[in-house]
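Rule-based calculations on the coordinates, nothing more; no lab input. Just so you know, these numbers come straight off a predicted model, no measurement behind them. Note: ideal-geometry Cβ built from the backbone for every residue, glycine included; neighbour counts use all protein chains shown.
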Amino acid sequence: MKRTAFSPLIPVLAILLCLMAALPFLMEYAARQAASDRLVATAGRLRLEHPEWEAGYLSAAFEPEASEEVMAAGRQALADHGYTEEAPLIWQHRFFPLPSHVLLLAAAVVLAAISLLVLWLLIRRQAEQSRQQDLENRRLTVRLLEAQSLAAVNDRLKAFIENIAHQIKTPVSRALTSTELLAEDLAAPAASAQTDTAVPPTVRLRENLDSLENIRRLTERLLSIGRLEAGEVLFSSEPFRLTDLLTDVLADLPASKPYRLLLSPETGGFLWHGSYEWTREALANLVKNAAEHDPSDEPLEVSLEQEGDGYRLTLRDHGPGIAPEDLPHLFDRFYRPQDMKKGHVGLGLNLAKLIVEGQHGKLLADNHPEGGAVFTLLLPDFSTLR
């Protein structure tokens, strides 16, 4: 995330503040150094001009404490020669007179305070600019994510519409072709009857009806998927027995396809709370899918057992099973495995998963160790959720 550049005035003010704080110590050091130089110079002149005074002067200069009489005499001697406290010379080991010293110290304090204030204001401004920059970066990030999300939604919508158009195109084309042929047969019935390959009008009508039924079924599934994904479906919580539901769904299997229903426990009530019609739609899609993928004479195995606070419903066929590359995408909308016949649309399993998950259940797919595909429904006991 981009940050505002740090102001170069801040280190300058910090250095200036340190100098102001060190100014009194520098002034005291300069005063002491000047006094020491004066003492050395005086001792040198005494040695050169009056060596007999040298020992006495140095003894008096480094005497720990001088009496008040000596100090008074010294002040008077300095005053007699014009060296007073107001003179611009050394007095009491100070480089400047006392009032100037205090004035400079006060100026240093004021300047230090101003520097601190300016430094604080600069830091506050820097922090505010950084905060504003962060907010702007966050706004830009949110807008970018929204734009990417909208683009992804548009791409999915485009793909969805293209898939719908592709799936509806085939039955519509068949219906139109069959209708055109039927119109030709009706327009010239005698000529049509003379050809060996003539198709009876009833057969063409049945083809039209089958194509229209496929369009109707496809449209209803698409509408159901759209309502489920939009959250417009409110599943009911009516009580019914899962055994009755299974009997109802399995009755639609063709007579050529047997099935075996296993219950655990055998006399269980299997009372469940949910939407009968929606759950029937999901199970019918799974049973139809299993029957289509099982060319063997083996019966479909349907088992229902109590598990914890819910139920486990398992449907196994004896077909070739599910290819490993198809398993991750099996429930995707419009997904069609490579070995699937052209009539397969790829909506039934997607719709079944949406229905099951919409009722707080789970739908899983896998291969049986002994062959064939296995679909497992995990249904919670809705009576505990009411």
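With 21 Å as the limit on Cα-Cα distance, the pairs of K288/K353; K169/K257; K257/K288 that go past it are K169/K257.
Label separation (L181 vs L223): 3.0 nm, computed from points 7 Å beyond Cα along the C-beta direction. Extension gain for L116-E128 works out to 2.5 nm (0.36 nm per residue, less the C-alpha to C-alpha distance).
Could you compute the FRET efficiency for E292 and L150, with r as their C-beta to C-beta distance and R0 at 45 Å, rounded to 0.05?
In this case the efficiency is close to 0.70.
Annotation for T170 and E54: the two label points, set 7 Å from Cα along the Cα-Cβ direction, are 12.5 nm apart. Look at Y57, Y311 and count the other Cβ atoms within 10 Å of each Cβ; fewest to most, that gives Y57, Y311. Mean projected area of the convex hull spanned by the Cα atoms of the stretch 238-384, taken over all viewing directions: 8.7 nm². Taking label positions 7 Å along the Cα-Cβ direction at both E69 and S237, the computed distance is 11.4 nm, reported to one decimal.
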